[in-house]
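Below is one structure, written out as structure tokens; the observations come after it.
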């Protein structure tokens, strides 16, 4: 394969509304997009959404890392089978998970477009027969009135399951959960996400108070530096514990399983290094009796959403699917295709080969803060 183009974009798209949780508050997206072009006209797209408090990466560090590795990536793709390169040398060339996710997705998209083979075939993973995505709703932190309105929207939109953001204070967290349950009723699955904001004492107190409300799981209750306390916390609550920010690598997954830190993994493509890294963690989880959900980065564009949907189609038994908010949250997207979910959170697979999305060049120009074109 001969590359004819390699572009890196830092993309920031305003949100329709502010979204916040215990670790961050955002008013716009923040992603790095990679575009690869090959002779014959094939185009590959990838996206990483770095979060410094998760993987230690920033948009600037990801941009610079990909730019620095670009020529080596070009040489590798030219001289080796793309799949061999992705499984081997890429990991040593691009070490940051969000950075590697952006590059790997672009490579997979390009390889699929060039060969006509679907990405699951390239990864030797058959799609689940008859698979159709059903995504979760999410309610950000805020006043009781804001939570009430958000929950009402979720109910009217027909969501089957909803995540609520907690981690503000025990009193406010309980108020958020009570309000959500009151509006959504008992048939909707409600789970909570503390984003590592609680102390061990706050976690015990709040989980005890949340238990009667039928919360299905609590995500990242403690700061990741305190995960050694999670086995003891699991014994003191009947609410299952899910890891997110502290689950980025296979080493994290093995540590959690060996120590008995959790019941579930939240796998997000950008924080877990792309499709291959995420699939490996999902396989490990299945072998060790740990359930998984597909997570997402707030503000991801249609590129990362399309990749997440593809991941969902290859991993049976995911308890929840997050993402594909697209223009429900973004003021505009940079893909021509509408990737967002519909009523009830339902969404179909995108037509392949590849990820199934193309760039809206005009929207990209409006929202690309920084662009690098590699001299080939």
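Tell me yes or no: at least one residue of region 337-344 is modelled with pLDDT of 95 or more, crowded, with 18+ Cβ neighbours inside 10 Å and not in a loop (DSSP other than H, G, I, E, B).
Scanning region 337-344, I find no residue that is modelled with pLDDT of 95 or more, crowded, with 18+ Cβ neighbours inside 10 Å and not in a loop (DSSP other than H, G, I, E, B), so the answer is no.
Do you know which residues across region 1-22 are at pLDDT below 95 and surrounded by 18 or more Cβ atoms within 10 Å (Cβ to Cβ)?
1, 3, 19, 21, 22
Would you confirm, using the coordinates I've provided, whether residue 106 is outside the structural domain of residue 296 (by TED's automatic domain parsing), under 17 Å from the mean Cα position of the chain (by Cα) and within 30 Å of residue 139 (Cβ to Cβ)?
no
State yes or no: is residue 308 under 27 Å from residue 240 (Cα atoms) and in a loop (DSSP other than H, G, I, E, B)? Give the steps one after another, and end with the answer.
Values: under 27 Å from residue 240 (Cα atoms): yes; in a loop (DSSP other than H, G, I, E, B): no.
No, not satisfied.
Among the residues of region 345-376, which ones are closer than 23 Å to residue 310 by Cα and part of a loop (DSSP other than H, G, I, E, B)?
348, 349, 350, 351, 352, 353, 354, 355, 356, 357, 358, 360
With respect to the numbered conditions (1) over 22 Å from residue 128 (Cβ atoms); (2) surrounded by 17 or more Cβ atoms within 10 Å (Cβ to Cβ); (3) at pLDDT 95 or above; (4) not assigned by TED's automatic domain parsing to the domain that holds residue 32, which one is the sole condition not fulfilled by residue 364?
(4)
Exactly one of these conditions fails for residue 156: (1) loosely packed, with under 15 Cβ neighbours inside 10 Å; (2) assigned by TED's automatic domain parsing to the domain that holds residue 203; (3) touching a residue at least 24 places away in the same chain (Cβ under 8 Å). Give me its number.
(3)
Among residues belonging to region 113-125 that are part of a loop (DSSP other than H, G, I, E, B) and out of contact with any helix residue (DSSP H, G or I) (no Cβ under 6 Å at 6 or more places or on another chain), point out the one that is farthest from residue 356 (Cα to Cα). Walk me through how you get there before you give the answer.
To start, the set of residues in region 113-125 that are part of a loop (DSSP other than H, G, I, E, B) comprises 116-118, 123-125.
From what's left, out of contact with any helix residue (DSSP H, G or I) (no Cβ under 6 Å at 6 or more places or on another chain): 116-118, 123-124.
Numbers: 116: 12, 117: 12, 118: 10, 123: 16, 124: 19 Å.
Ranking the qualifying residues of region 113-125, first place goes to 124.
Which one of the conditions (1) in the same structural domain as residue 111 (by TED's automatic domain parsing); (2) closer than 18 Å to residue 34 by Cβ does residue 354 fail to meet, given that it meets all the rest?
Only one criterion is unmet by residue 354, namely (1).
Out of the residues in region 67-90 that are within 16 Å of residue 274 (Cα to Cα) and free of Cβ contacts under 8 Å to residues at least 60 places away in the same chain, which is surrounded by the fewest Cβ atoms within 10 Å (Cβ to Cβ)?
Filtering region 67-90 for residues that are within 16 Å of residue 274 (Cα to Cα) and free of Cβ contacts under 8 Å to residues at least 60 places away in the same chain, the one surrounded by the fewest Cβ atoms within 10 Å (Cβ to Cβ) comes out as 84.
Sort out which residues of region 55-65 are in contact (Cβ under 8 Å) with a residue 60 or more places away in the chain and either surrounded by fewer than 23 Cβ atoms within 10 Å (Cβ to Cβ) or touching a strand residue (DSSP E or B) at 6+ places or on another chain (Cβ under 6 Å) (or both), and write them in order of number. If you could, list the steps in order and put the result at the bottom.
Within region 55-65, the first condition is being in contact (Cβ under 8 Å) with a residue 60 or more places away in the chain, and the residues that meet it are 55, 63.
Passing the criteria: only 63.
Name the residues in region 294-308 that are crowded, with 24+ Cβ neighbours inside 10 Å and touching a strand residue (DSSP E or B) at 6+ places or on another chain (Cβ under 7 Å), would you?
294, 295, 300, 301, 302, 303, 304, 308
Mind listing whichever residues of region 345-361 are out of contact with any strand residue (DSSP E or B) (no Cβ under 8 Å at 6 or more places or on another chain) and exposed (fewer than 15 other Cβ atoms within 10 Å of the Cβ)?
Listed by number, the residues that qualify are 351, 361.
The values are calculated or read from the model by the stated rules, or taken from the named source; none is laboratory data. All values reported here derive from a predicted model rather than from experimental measurement. Note that we place each Cβ from the backbone using ideal geometry, even for glycine, and neighbour counts take in every protein chain shown.
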